[in-house]
1. Please go through (1) out of contact with any Pro (no Cβ under 7 Å at 6 or more places or on another chain); (2) outside any loop (DSSP other than H, G, I, E, B) for LEU33 and return the number of the only condition it doesn't satisfy.
2. Please go through (1) surrounded by 18 or more Cβ atoms within 10 Å (Cβ to Cβ); (2) assigned to a loop (DSSP other than H, G, I, E, B) for PRO27 and return the number of the only condition it doesn't satisfy.
3. Residues of region 9-32 being of a type in the set (A, V, I, L, M, F, W, C) and under 15 Å from THR61 (Cα atoms), which ones?
4. Looking at (1) within 23 Å of PRO117 (Cβ to Cβ); (2) modelled with pLDDT of 75 or more, find the lone condition where THR153 falls short.
5. Find the residue count for region 36-51, including only residues that are outside any strand (DSSP E or B), at pLDDT 90 or above and either closer than 15 Å to GLN94 by Cα or touching a Pro at 6+ places or on another chain (Cβ under 8 Å) (or both).
6. Is one or more of the residues making up region 52-60 surrounded by 15 or more Cβ atoms within 10 Å (Cβ to Cβ), of a type in the set (A, V, I, L, M), at pLDDT below 90 and assigned to a strand (DSSP E or B)?
7. Quick check: is even one residue across region 136-145 in contact with a helix residue (DSSP H, G or I) (Cβ under 9 Å, 6 or more places away or on another chain) and either surrounded by fewer than 17 Cβ atoms within 10 Å (Cβ to Cβ) or assigned by TED's automatic domain parsing to the domain that holds GLY198 (or both)?
8. Taking ASN106 as the residue in question, decide whether it is over 21 Å from ARG36 (Cβ atoms), polar (S, T, N, Q) and in contact (Cβ under 8 Å) with a residue 60 or more places away in the chain.
Amino acid sequence: MAMTVDAVYNNSVDSPGFVVTVDDINPVRNRLLIIRRDAWGEHPDSPVRGADGITLTGDSTFVVTDYENPITNPVDYVAYAYDEGTDPVTGDVQASDVYFPTEYRNGEAWLKSISQPALSRQVNVVDWNDVSTPGRVLGEYEVLGRKNKVVITDVPGGREGTLVVGAYPINGSYVNADWRSLRMLFEHGKTLFLQTSGQTWTGELDMYLEVKSVRRRRIGPVGLTAELVYVYDVEYVEVDRPSTAEEALGLVSWQDVLDGYFDWQEVLDFNGSWLDLLDG
């Protein structure tokens, strides 16, 4: 039976993405690679995190969630089941249909944790106007007989600036981006992925970033219900997409829990929260 590839959008509020399922994998193959392709060609082909040449264990089915798909673009997925040490294209290759994500309104935004998707949150972007792209001047030289200097430059650096995020109701109701969850997101110290539902309102592309500093301001209580509003000034620097080796979704599986603990009470004794359990 030929290998099949399917994807279903999870419609998660805070961690939207495609759940990709590969079925009927040939049991003699021991490696699997899944590539995401943007059907509109606006983003380069990219390996799906957690399915980048991973070792297969003999199961005929593999499931992974792609949290980094373009939030507004249709995509398809190509699976390669192959033998270790060989080129993936020489193995079993199968492409999925083209899938469309949920249609979002302009102005919606997400801050996603690459290593811990449970920390990801839909956020209120109050201000993203402070963006700079520093130049790279490698040397300036004065030449006899010339008025102007000879300047040697390189490609400009990544974006830097301040992103202002508010912890208050989105679309008229509170979401999980309250001050507690935002604090956990900013303090876990790993690469974040800022996604928006369209470039028109920001004039900026989505980006991976590292947080340099966070300043929180409290505004309130406000409104009839005296809600507290918090505004975060997030100083950031843009970084490259983390490699799958650096930021793999190495989360604990249910089988890991069964193998690692005697009973449920032992799970509770050694883990203070679900995130502690997922982190192992």
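The values are calculated or read from the model by the stated rules, or taken from the named source; none is laboratory data. Predicted, not measured: the structure shown is a model, and the values here were computed from it. Glycine also receives a Cβ, built like all others from the backbone with ideal geometry; neighbour counts cover every protein chain displayed.
1. Checking LEU33 against (1) out of contact with any Pro (no Cβ under 7 Å at 6 or more places or on another chain); (2) outside any loop (DSSP other than H, G, I, E, B), the one that fails is (1).
2. Answer for PRO27: the failing condition is (1).
3. VAL19, VAL20, VAL22, ILE25, VAL28, LEU32
4. Among (1) within 23 Å of PRO117 (Cβ to Cβ); (2) modelled with pLDDT of 75 or more, the lone unmet condition for THR153 is (1).
5. Within region 36-51, residues that are outside any strand (DSSP E or B), at pLDDT 90 or above and either closer than 15 Å to GLN94 by Cα or touching a Pro at 6+ places or on another chain (Cβ under 8 Å) (or both) number 2.
6. yes
7. Pass one, region 136-145, residues in contact with a helix residue (DSSP H, G or I) (Cβ under 9 Å, 6 or more places away or on another chain): none.
No: zero hits.
8. Numbers: over 21 Å from ARG36 (Cβ atoms): yes; polar (S, T, N, Q): yes; in contact (Cβ under 8 Å) with a residue 60 or more places away in the chain: yes.
The answer is yes for ASN106.
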